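Worksheet: the structure to be examined is printed underneath.
Since every read-out is calculated from the coordinates, none of them should be taken as a lab result. This one's a predicted model, so the numbers in the text were calculated from it and none came from an experiment.
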Amino acid sequence: MLENIFVQIFANPWVLYILLMLGLYFLLVGVASGEGEMTVVAVICLGLSIFGVIIRGIDLASVILFIVGVVLFVAEAETEGSLDGLLAIGGIICVISGGVTFLQNLSVLIPADQIVIMWATLLTFTITLAVLFGGITLKLIQLKKKEATDKFVPEQGDVGVVKSSELKPDGQVTLGGEVWSAECIEGHWPVLKGERVKVLKIEGVHLIVRPLIDEEDS
């Protein structure tokens with residue numbers, strides 16, 4: 001009994017389509033932002049929608065087009081728009097094409113008097129969602145660029161504070177509100193926690209430092 005109710009709910013064309021769209025939305029936001037909770041919700045929604053697609057005997061090509069579209073949106077966000085939006089445009093085309101293909105498959109499952117309403121409602125929803133995906137992607141690109149601009153870059157002569165118990169010679173230093181791995185030059189360690197050090201050289205994310213001596217650095 002419960003099994004039949006479950007099948008009836010998740011094989012309903014309207015429920016199926018909404019689950020698929022929600023799954024794609026959460027997948028885009030979850031993957032692009034790195035939020036695991038949204039990705040989990042996306043997997044659940046997509047899993048239920050694919051379950052319904054299989055029960056209904058709908059061609060999986062439409063689902064594949066949707067997922068490819070989301071992948072293109074994520075790729076656009078990750079590359080920070082370096083291809084002038086071509087990936088996002090491809091994503092919009094894939095999502096709309098997937099929606100049209102999906103609706104064509106659903107048409108045979110919907111009563112004749114509901115087909116026009118279904119096409120008008122779900123196609124509008126699909127186009128709106130595709131544009132929304134593009135907007136989300138653009139916002140993610142802007143956030144990534146802002147993070148890159150705001151990120152602190154250490155320079156020679158900057159002064160930090162020893163965070164680890166000591167530099168002997170390796171340890172950690174707080175500089176610019178961030179924690180960096182650091183190495184004190186030979187002959188000047190150990191440097192104890194809380195003492196100030198001066199940056200002599202930057203090697204990637206590793207700092208070469210020496211103790212800050214007031215007489216020399218004032």
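Backbone amide hydrogens, once placed in the peptide plane, bring L207 within less than 5 Å of S181, A182, E183, excluding anything fewer than 5 places away on its chain. Taking each residue as 0.36 nm, the span from W119 to K168 lengthens on full extension beyond its C-alpha to C-alpha distance by 10.6 nm.
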